[in-house]
Amino acid sequence: MAKILAVDDSASMRQMVCFTLKGAGHDVIEASDGVEALKLAQGQSVDLVLSDVNMPNMDGITLCKNLRQLATYKFTPILMLTTESTGDKKMEGKSAGATGWIVKPFNPDQLLTTIKKVLG
Amino acid sequence: MSIDLSQFHQVFYEESYEGLDAMEQGLLEMDIEAPDDEVINTIFRAAHSIKGGSGTFGFNQVAEFTHVVETLLDEVRSGHRAMNQSIMDLLLISVDCMRSLLEELQAGDDPDLSQAKDLKSQFESILNSDSEPAESASDGGDNSGGDAVEDNNDTGGKGYHVHFVPEVTLLQTGNEPTRMFRQLAEICDNQMEVVCSFDRMPSLTGMNPEHCYLSWDIKITKAIDRHEIDEIFEWVIDDAEVIITELSGDADSAVNSIEAKSIDSSTPQVETVVEPVEQKEIASIVEQKETAKDPVKVKTKSSPPESSSIRVSIDKVDSLINMVGELVITQSMLGQLGQNFDISRVQRLQEGLAQLEHNTRELQESVMKIRMMPISFVFSRFPRLVRDVSRTLNKKIDLVLSGENTELDKTVMEKIGDPMVHLIRNSIDHGIEMPDVRASAGKSETGTVELNAFHQSGNIVIEIKDDGAGLNKERIHQKAIENGLIDESTILSDEKIFDLIFQPGFSTADAVSDLSGRGVGMDVVKRNIASLNGSIEVSSETGMGSRFVIRLPLTLAILDGQLVRVGEEIFIFPLVSIVESIQMDDTAINKVGGHSDVLQLRDEYVPVVKLNELFSVNIEETAVDEKIIVVVETEGEKMGVVVDELLGQQQVVIKSLEENFKKVEGISGATILGDGTVALIVDVSGLPKMSGTSVKQIESAHKAA
């Protein structure tokens with residue numbers, strides 16, 4: 001069972017993601033923006049970070065860059081939840097150190113299938 | 001595992017409405033010439049979240065529409081498109097459109113898409129008007145999630161060969177080749193061979209321990225969907241050389257030759273042994289795929305959620321928990337005391353009870369606070385209103401808001417919105433003059449409407465002030481005579497004249513405009529406010545403007561009451577409505593017009609009613625001068641109510657009679673007293689009507705006499 005940090009400013013998305021992950025037996029920590037996520041991340045290590053891209057205060061790309069600076073997050077899988085399936089957003093994520101992405105809209109099953117790729 | 005997405009719908013709706021409000025507010029405060037980046041970002045994020053959420057939760061109509069809105073906003077955000085008035089207008093209409101789509105969906109109806117379609121084509125024509133953004137307009141709608149790899153559903157006849165050479169920094173992105181191979185093994189039931197190559201391995205001194213120098217050749221010998229392999233390598237395709245070739249009859253040689261090569265060059269051969277994957281896991285994936293087919297289906301299962309919810313700040317909840325904690329301590333203290341109680345401990349019992357009372361009151365206050373919300377929830381809809389109305393009328397108007405953080409009960413808030421809309425429309429329509437008229441009157445061309453809210457002695461006061469022409473006294477007077485509200489000889493104070501506008505069927509507007517005068521008059525405003533136990537006053541000065549003041553109780557659930565006794569019954573008057581209470585003096589009471597009693601209160605005549613007669617309560621005949629007259633005021637009229645005795649004052653929790661029994665004239669509700677008896681709360685505003693006495697009737701009767 002993995003420990004997952006889920007970051008999204010939208011409460012409904014966060015709820016859906018958390019509910020799905022918890023239902024699959026994972027341990028979930030929630031944050032509503034990059035700043036909060038970074039603060040939570042500093043105190044502990046997690047097995048996976050799922051982050052939205054567009055968020056107030058600190059967006060997902062910046063969060064990703066910052067996490068990669070932390071020793072404990074050097075190799076941690078970081079997946080971006082994005083509606084922007086255009087190449088440049090993905091490249092931006094990749095160059096910030098993101099592992100991959102999940103394109104919104106996705107349903108709980110797609111989410112679980114995708115995170116399987118990086119947990120294990 | 002199947003998850004019912006409808007459980008998140010309520011949160012999605014609430015959050016989307018909030019997002020739409022934020023968009024609207026952002027658009028309204030945006031300076032078209034030089035839009036603030038943060039404002040545009042906020043608007044964009046709101047649209048983006050609504051799109052993401054509606055797509056996820058199966059509201060594809062909303063998602064599709066929001067997509068074009070978002071695309072346009074993204075162009076503005078990235079500086080590819082300049083903001084202009086027509087885009088702004090279009091965006092504002094779209095906010096309305098999205099809101100109504102969501103409302104229809106929430107109500108469980110099929111949304112009316114005609115407006116959305118129309119708006120969407122307008123967006124598309126803007127988006128296509130220059131070539132630059134055309135590319136981004138076409139993306140995003142698909143949810144396949146992979147445009148990096150092209151869709152290819154071919155099934156390889158015999159299998160595949162994958163040549164995988166990652167960049168050395170691959171691990172730093174969190175991608176892990178062994179995980180990818182394990183997944184490959186899952187989809188091909190372990191029918192694969194992996195050969196690792198050390199060609200790129202540097203000497204030990206030149207090695208960076210965090211880099212990946214290995215590369216792999218993978219032979220898959222099962223006929224699977226090519227797309228599944230693409231998916232596994234999707235995230236690394238830009239950081240690696242990935243060549244996937246289909247195995248034909250003789251393609252086996254590809255791997256063989258590599259194997260041969262690696263042996264030839266006498267580098268040690270390492271095979272990554274792939275662990276067998278549990279059959280169960282594969283089965284569960286297949287199952288998931290099947291349940292995932294139709295996201296829209298989920299929607300139909302959900303019944304339209306009716307329950308409304310409120311957001312409460314953590315502080316309020318914390319203080320509540322704290323309060324309950326104290327209550328528990330007091331309870332256990334009293335419990336202990338009760339176990340071996342003797343008379344010597346009465347003192348401690350009393351202290352404990354006092355503590356309990358204190359706790360209860362605090363708890364009650366805290367709970368009430370939960371229902372309290374800042375009035376900005378109501379105020380926030382007015383900038384848009386003012387903007388729209390003033391544009392329709394070609395007037396220039398500034399709206400000034402203050403006291404937005406003043407809190408009031410949610411129920412009161414929900415009901416005060418409409419009356420306020422009406423008052424503000426009136427101020428703009430009838431109050432503020434056209435720019436040229438204002439200029440010639442020596443005023444600034446731009447009129448000002450001010451909204452203010454503050455707390456005052458247990459009430460919330462809302463002021464609506466404009467600097468327009470003010471109420472036209474002569475015209476109101478004349479109109480009132482025409483409508484038969486007053487007769488020509490009546491001379492009224494300014495205040496009384498202004499009050500006439502709240503009479504039913506009164507309108508001074510010369511023409512019924514599109515905005516006000518749609519049959520909903522000020523009388524309705526007044527009635528709505530009165531139904532909230534509130535009051536409204538108007539003052540005005542010609543040429544300077546008008547000012548409406550609404551006073552409302554902070555909450556409808558609790559009332560400061562004055563308990564009175566009539567015979568055996570106890571009635572409650574709202575404390576706010578009581579002007580004074582006096583000892584009954586027979587000489588001060590006069591009979592007017594045969595039936596009605598009037599009290600001469602200093603230089604005023606006040607009608608008097610007996611509560612026992614009104615509510616048919618049997619009382620013992622006592623001396624007149626032992627009775628008490630409670631003078632109450634409602635809608636500017638005073639009235640004396642005869643009761644037997646004044647009891648204490650206390651806060652009472654209002655229970656609705658209508659809900660639990662039926663509507664009773666003259667009674668606004670009931671409460672349960674400390675001893676368990678039910679006491680009725682007198683509807684002071686209904687008394688004059690019920691008793692058939694009012695100042696006006698008395699005044700005319702008095703004049704006649």
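The values are calculated or read from the model by the stated rules, or taken from the named source; none is laboratory data. Computed from a prediction, not measured in an experiment: that's the story for all the values here. Here the Cβ is made from the backbone with ideal geometry for all residues, glycine too, and neighbour counts use every protein chain on show.
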For residues in region A:22-36 being out of contact with any strand residue (DSSP E or B) (no Cβ under 9 Å at 6 or more places or on another chain) and within 12 Å of another protein chain (Cβ to nearest Cβ), which is surrounded by the most Cβ atoms within 10 Å (Cβ to Cβ)? A:Ala24
Unique match (being closer than 21 Å to B:Arg527 by Cα and surrounded by fewer than 19 Cβ atoms within 10 Å (Cβ to Cβ)) among B:Val412, B:Val378, B:Val421: B:Val421
Hey, could you check region B:60-100 for residues that are β-branched (Val, Ile, Thr) and out of contact with any Lys or Arg (no Cβ under 6 Å at 6 or more places or on another chain) and say which is nearest to B:Gly19 (Cα to Cα)? B:Val95
Out of region B:182-203, which residues are in a helix (DSSP H, G or I) and out of contact with any helix residue (DSSP H, G or I) (no Cβ under 9 Å at 6 or more places or on another chain)? B:Arg182, B:Ala185
Here the residues within region B:44-84 that are in contact with a Phe, Trp or Tyr (Cβ under 8 Å, 6 or more places away or on another chain), among the small types (Gly, Ala, Ser) and over 15 Å from B:Leu101 (Cβ atoms) are none
The correct count of residues that are at pLDDT 80 or above and farther than 14 Å from B:Trp235 by Cα in region A:77-103 is 0
Please go through region B:325-379 and give me each residue that is hydroxyl-bearing (Ser, Thr, Tyr) and at pLDDT below 85, ordered by number. B:Ser366
Taking A:Lys39 and the conditions (1) more than 10 Å from chain B (Cβ to nearest Cβ); (2) charged (D, E, K, R); (3) within 13 Å of the chain's Cα centre (by Cα), which numbered condition does it fall short on, given that it satisfies the others? (3)
Out of A:Val103, A:Val118, A:Val46, A:Val53, sole residue that is within 25 Å of B:Gly55 (Cα to Cα) and more than 8 Å from chain B (Cβ to nearest Cβ): A:Val53
Pairs where the first residue, in region A:48-68, is under 24 Å from A:Ala2 (Cα atoms) and in contact (Cβ under 8 Å) with a residue 60 or more places away in the chain and the second is buried (at least 24 other Cβ atoms within 10 Å of the Cβ) and of a type outside the set (Val, Ile, Thr), C-beta under 6 Å, 6+ apart: A:Leu48/A:Pro77; A:Leu50/A:Ala6; A:Leu50/A:Leu79
Output the number of the condition that B:Lys395 fails; it satisfies all remaining conditions of (1) under 15 Å from B:Gly545 (Cβ atoms); (2) under 19 Å from the mean Cα position of the chain (by Cα). (2)
Can you pull out every residue in region B:34-69 that is in contact (Cβ under 8 Å) with a residue 60 or more places away in the chain and either surrounded by fewer than 24 Cβ atoms within 10 Å (Cβ to Cβ) or more than 8 Å from every other protein chain (Cβ to nearest Cβ) (or both)? B:Gly58, B:Phe59, B:Asn60, B:Glu64, B:His67, B:Val68
What residue, of B:Phe506, B:Phe498, is assigned to a loop (DSSP other than H, G, I, E, B), at pLDDT 65 or above and of a type in the set (Phe, Trp, Tyr)? B:Phe506
How many residues, within region B:646-692, are out of contact with any Leu (no Cβ under 9 Å at 6 or more places or on another chain) and among the hydrophobic types (A, V, I, L, M, F, W, C)? 4
Residue that is nearest to the other protein chains (Cβ to nearest Cβ), among those in region A:67-81 that are out of contact with any Leu (no Cβ under 6 Å at 6 or more places or on another chain) and hydroxyl-bearing (Ser, Thr, Tyr): A:Thr76
Among the residues of region B:209-245, what is the count of those that are within 14 Å of chain A (Cβ to nearest Cβ), in a loop (DSSP other than H, G, I, E, B) and among the hydrophobic types (A, V, I, L, M, F, W, C)? 2
Restricting to region B:389-400, what's the tally of residues that are buried (at least 16 other Cβ atoms within 10 Å of the Cβ) and assigned to a helix (DSSP H, G or I)? 3
Would you confirm whether any residue within region B:78-92 is at negative phi, under 22 Å from the mean Cα position of the chain (by Cα), assigned to a helix (DSSP H, G or I) and not small (Gly, Ala, Ser)? yes
